[in-house]
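Chemist: Could you have a look at this structure, given as structure tokens, before my questions?
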Amino acid sequence: MSDYVITPPVVAAVPIKGSSQMFPVRRIFCVGRNYAEHAIEMGSDPTREPPFYFAKPADALVVNDADMPYPPMTKQLHHEMELVVAIGSAGANISVEDALKHVWGYCAGLDMTRRDLQNEAKKTGRPWDMGKGFDNSAPMGALVPAKGIDVSKGRIELKVNGKVTQTSDLSKLIWSVPEVISNLSHLVRLAPGDLIMTGTPEGVAAVQKGDLLEGFVEGVGEVRTRIV
């Protein structure tokens with residue numbers, strides 16, 4: 001066995017619905033502006049330009065309906081409701097036709113964003129890391145195996161304190177799930193344990209301490225967290 005100078009970090013993992021097993025997480029990739037109406041509300045052109053990506057650390061996960069602490073250094077914590085894809089088998093330069101063969105399962109997730117920090121980074125041409133990849137920035141629900149699930153369509157929705165703030169359909173993704181997997185696999189070799197957050201629909205907005213966030217992806221599941 002290796003002799004480490006510090007205790008190795010705990011493996012980040014997502015629960016699996018109906019099972020005591022967990023899905024270990026290696027990396028979290030996120031697709032930017034992948035719904036046309038969200039691209040418009042963020043001031044961008046929603047045409048099919050090549051997708052772009054940013055990342056979150058694996059230990060940004062918040063699971064099992066746990067609370068999410070309001071992060072420091074922001075006054076604009078925004079919710080972004082997303083379908084999450086869990087990669088189960090490795091691959092590079094994957095074709096669109098073969099992409100779904102590499103999927104282990106799906107879950108509902110939230111890409112929480114320090115919007116003020118992200119906007120400042122955009123203005124100065126700096127990386128988004130501190131706006132997107134901060135502690136506890138990736139609440140996720142339980143994973144469900146991919147077999148029998150059709151992610152080409154289905155309602156995606158978020159409620160804040162019982163009020164719908166985001167609602168759309170997976171059919172409105174600019175880049176479909178197979179297309180995203182294929183494109184990303186031409187940039188990096190995807191590996192088991194990688195998660196891909198596929199983008200958020202319109203309606204992103206700020207949340208405050210005490211707010212209850214309840215997300216839903218039809219045929220996939222739910223995500224729930226309270227901001228504390």
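Chemist: Looking at region 143-172, I want the residues that are more than 30 Å from Gly210 (Cα to Cα) and in contact (Cβ under 8 Å) with a residue 60 or more places away in the chain and have a partner that is of a type in the set (A, V, I, L, M) and part of a loop (DSSP other than H, G, I, E, B) with Cβ atoms under 7 Å, at least 6 apart or on another chain. Which pairs are those?
Modeler: Ile149/Val220
Chemist: For region 171-188, indicate whether the set of residues that are acidic (Asp, Glu), surrounded by fewer than 22 Cβ atoms within 10 Å (Cβ to Cβ) and either closer than 14 Å to Cys30 by Cβ or touching a Lys or Arg at 6+ places or on another chain (Cβ under 6 Å) (or both) is non-empty.
Modeler: The first filter runs over region 171-188 and keeps only residues acidic (Asp, Glu), leaving 179.
Next, only the ones that are surrounded by fewer than 22 Cβ atoms within 10 Å (Cβ to Cβ) stay: 179.
Retained after the next criterion (residues that are either closer than 14 Å to Cys30 by Cβ or touching a Lys or Arg at 6+ places or on another chain (Cβ under 6 Å) (or both)): none.
For region 171-188, residues acidic (Asp, Glu), surrounded by fewer than 22 Cβ atoms within 10 Å (Cβ to Cβ) and either closer than 14 Å to Cys30 by Cβ or touching a Lys or Arg at 6+ places or on another chain (Cβ under 6 Å) (or both): absent.
Chemist: Does region 157-174 include one or more residues that are at pLDDT below 95, of a type in the set (A, V, I, L, M) and in contact with a Pro (Cβ under 8 Å, 6 or more places away or on another chain)?
Modeler: So far as region 157-174 goes, yes, one or more of its residues are at pLDDT below 95, of a type in the set (A, V, I, L, M) and in contact with a Pro (Cβ under 8 Å, 6 or more places away or on another chain).
Chemist: Polar (S, T, N, Q), open to solvent by 30 Å² or more (accessible area, probe 1.4 Å) and touching a residue at least 60 places away in the same chain (Cβ under 8 Å): is that true of Ser89 in this structure? Break it down into steps so the answer makes sense when it comes.
Modeler: Numbers: polar (S, T, N, Q): yes; open to solvent by 30 Å² or more (accessible area, probe 1.4 Å): yes; touching a residue at least 60 places away in the same chain (Cβ under 8 Å): yes.
Yes; evaluated as a whole, the condition is true for this residue.
Chemist: Does region 119-138 include one or more residues that are in a helix (DSSP H, G or I), buried (at least 16 other Cβ atoms within 10 Å of the Cβ) and touching a Ser or Thr at 6+ places or on another chain (Cβ under 7 Å)?
Modeler: yes
Chemist: Further, regarding this structure: Got a number for residues in region 5-27 being free of Cβ contacts under 8 Å to residues at least 60 places away in the same chain, outside any loop (DSSP other than H, G, I, E, B) and surrounded by fewer than 16 Cβ atoms within 10 Å (Cβ to Cβ)?
Modeler: So the count comes out to 1.
The values are calculated or read from the model by the stated rules, or taken from the named source; none is laboratory data. Computed from a predicted structure; not experimentally measured. Here Cβ is always computed from backbone atoms with ideal geometry, including for glycine, and neighbour counts include all displayed protein chains. SASA here: full protein model, heavy atoms, side chains in, ligands and nucleic acids out. Shrake-Rupley method; radii C 1.70, N 1.55, O 1.52, S 1.80 Å.
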